[in-house]
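Input: a single structure, listed below in structure tokens.
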């Protein structure tokens, strides 16, 4: 999920003060994590978990929704990232920076970690379940790849963003892409299981997309936005927060500031949001465009099909959101099926559902995100990361992952060699068939009787 970072993709210049110190995905040639964890305080009782007694208690994997949590994501020049060079016609005379749309501190900050524990952030913008699995296959077998005994990951959005054209043209194949993501996620869980890792599958949340109630995103009609959340950054500017330095300087009161920004943005406080508020007295005009969102329907073409294409071209977050939601609906079954295998090894497999915390309080539609929490159409801003971080941190602490390692009464068993209840036989995408080409030919109006 890193399509908006192309403007700033240059050589990384690390900022130890403002970005997660144990970030950056180790390359899959060396898989060397040296300097990417706190040194263990004593020898680990578990040979496959050398960081058992380290302050580095959790390793995070995922895509840009994890990577962008840092003030400076992986591979980005901070000066360019926070350069005020992006204009907006809605705010003449004000220039905006790319970095301020997203997380402006570190994943540690959003998780509320204290000096007694920290994390590794190995989120990598652009990764799908395919890339995450490839990285784990390459590195988990390497002796110099040291990660925490507890791992958490979120993944899936790029499985659909990278295949949007095929899914949009042939929506009946959406299940196959969901299946491939689920198969890869199960394979990844198995790799962690065989390395005796406790696993937390972190749920996802919607992107900015089409609403059945409000229509297409359009900030000028009061519903979300189509590119960047300029309104959110403008409100930050008015509170003298313009980069990661001013954000860090305000950290003593930053939660109150973010809460005030959220309230100003759409009238819902952070406490209301975390408490599950689902309705707000706002009047927002409904998009009543009767022309299939501006797309001209060719003669003989199937009108509903062209309306489907037009809606998804205009709101590209719609398809990924729907497919991520359907993907996530399978997580409880995966957890229930595989948890006994983990428990038999003295391990934990948990799933955290946070989707409902990101649903729009205006419509309550399960696929429509609260745009106040988003920096662009797919990535959260600092407010969204605060909501996300509170949920994830509470789960981590409920499992005791943040506590120092305690030596087991008996030595741990050897790493398991079974697959831990893995199921990976879901049908995956196939090449386009002749029948599908013929259907598309008729639907586009090129072929007709």
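Is the shape of segment 302-449 best called rounded, prolate or oblate, per the rule: a/c under 1.5 gives rounded, else a/b larger than b/c gives prolate, else oblate, with a ≥ b ≥ c the square roots of the Cα gyration tensor eigenvalues?
oblate
If I model a spin label at residue 213 and residue 344 as a point 7 Å from the Cα along the Cα→Cβ vector, what separation in nanometres do I get?
4.7
Determine the gain in length on full extension of the stretch residue 365-residue 137; use 0.36 nm per residue of separation and subtract their C-alpha separation, reporting nm with one decimal.
78.3 nm is the gain from fully extending residue 365 to residue 137.
Which value in Å does the Kirkwood hydrodynamic radius of segment 41-149 take, with 1/r averaged over all unlike C-alpha pairs and then inverted?
Kirkwood radius, segment 41-149: 16.2 Å.
Work out how much length residue 301 to residue 80 would gain on full extension: take 0.36 nm times their residue separation and subtract the Cα-Cα distance, in nm to one decimal.
74.9 nm
Strictly greater than 14 Å: what percent of every Cα pair in segment 17-67 meets that?
The share of Cα pairs beyond 14 Å in segment 17-67 comes to 61 percent.
For residue 43 and residue 227 in the same chain, what is the full-extension length gain: residue separation times 0.36 nm, less their Cα-Cα distance, in nm?
Extra length available between residue 43 and residue 227 comes to 61.3 nm.
Relative contact order of the chain, please, whole-number percent, based on alpha carbon pairs below 8 angstrom and at least 6 residues apart.
23
Output the antiparallel fraction of DSSP beta bridges having both residues in the chain, as a percent to the nearest 5.
Around 30 percent antiparallel, to the nearest 5.
I want to verify a result. In a Gaussian network model of the chain, Cα cutoff 10 Å, which of these has the top mean-square fluctuation: 371, 114, 243?
Maximum among the listed residues: 114.
Under a crude label model (7 Å from the Cα following the beta-carbon direction), how far is residue 238 from residue 220 in nanometres?
So the label points at residue 238 and residue 220 sit 2.2 nm apart.
Return the distance in nm (one decimal) between the two label points of a simple spin-label model at residue 336 and residue 28, each offset 7 Å from Cα along Cα→Cβ.
Placing both labels 7 Å beyond Cα along the Cβ direction yields 3.4 nm.
Once both axes come from the Cα atoms, what is the angle between helix 129-139 and the longest principal axis of the chain, in degrees from 0 to 90, rounded to 10?
On a 0 to 90 degree scale, this one is about 20.
Just report the Cα centroid separation between segment 182-248 and segment 341-405, whole Å.
For segment 182-248 versus segment 341-405, the Cα centre distance is 11 Å.
Between residue 403 and residue 326, take the C-beta separation as r, use R0 = 41 Å, and let me know the FRET efficiency to the nearest 0.05.
Numbers: r = 36 Å, r/R0 = 0.87.
The formula returns an efficiency of 0.70 here.
Compute the whole-percent fraction of alpha carbon pairs in segment 164-245 spaced more than 20 Å apart.
Tail of P(r) above 20 Å: 64 percent of Cα pairs.
Given the alpha-carbon gyration tensor of segment 96-242, what are the semi-axes of its equivalent ellipsoid in whole angstrom, ordered largest first, with each equal to the square root of 5 times an eigenvalue?
They are 32, 26, 12 Å, listed from largest to smallest.
Given a Förster distance of 22 Å, report the FRET efficiency between residue 175 and residue 440 from their Cβ-Cβ distance, rounded to the nearest 0.05. Could you put the intermediate results ahead of the total?
Numbers: r = 18 Å, r/R0 = 0.83.
That gives a FRET efficiency of 0.75.
Go ahead and set up a Gaussian network model of the chain, Cα springs under 10 Å, then flag whichever of 410, 378, 141 fluctuates most.
Answer for the Gaussian network model of the chain: 410.
How would segment 356-436 be classified by its alpha-carbon gyration tensor: rounded, prolate or oblate, with rounded meaning a/c under 1.5 and the a/b versus b/c comparison settling the rest?
oblate
Taking 2.2 N^0.38 Å as the expected size of a compact globular protein, what ratio does the Cα radius of gyration of the chain give against it, to two decimals?
Working: Rg = 22.6 Å, N = 449, 2.2 N^0.38 = 22.4 Å.
Cα Rg divided by the expected 2.2 N^0.38 Å: 1.01.
Would you mind computing Rg(Cα) / (2.2 N^0.38 Å) for segment 58-102, counting N as its residues? Mind dumping the intermediate values first?
Working: Rg = 13.2 Å, N = 45, 2.2 N^0.38 = 9.3 Å.
Compared with the compact-globule rule of thumb, segment 58-102 sits at 1.41.
With r defined as the distance between the Cβ atoms of residue 114 and residue 417 and R0 fixed at 60 Å, what FRET efficiency is calculated, to the nearest 0.05? Could the numbers behind the result be given before it?
Numbers: r = 38 Å, r/R0 = 0.63.
Computed FRET efficiency for residue 114 and residue 417: 0.95.
How many percent of Cα pairs in segment 297-388 exceed 20 Å?
Counting pairs separated by more than 20 Å, the tail of P(r) holds 55 percent.
Quick check on the chain: helices-only [θ] at 222 nm, where DSSP H runs of length 4 and up contribute -39,500 (n - 2.57) each and the sum goes over total residues. Nearest 500, please.
One gets -10000 deg cm²/dmol as the mean residue ellipticity at 222 nm.
Values in this text are rule-based calculations from the coordinates and carry no lab data. On a predicted model such as this, the values are computed, not experimentally measured, just so you know. Methodologically, a virtual Cβ is constructed for each residue, glycine included, from the backbone with ideal geometry; neighbour enumeration extends over all protein chains shown.
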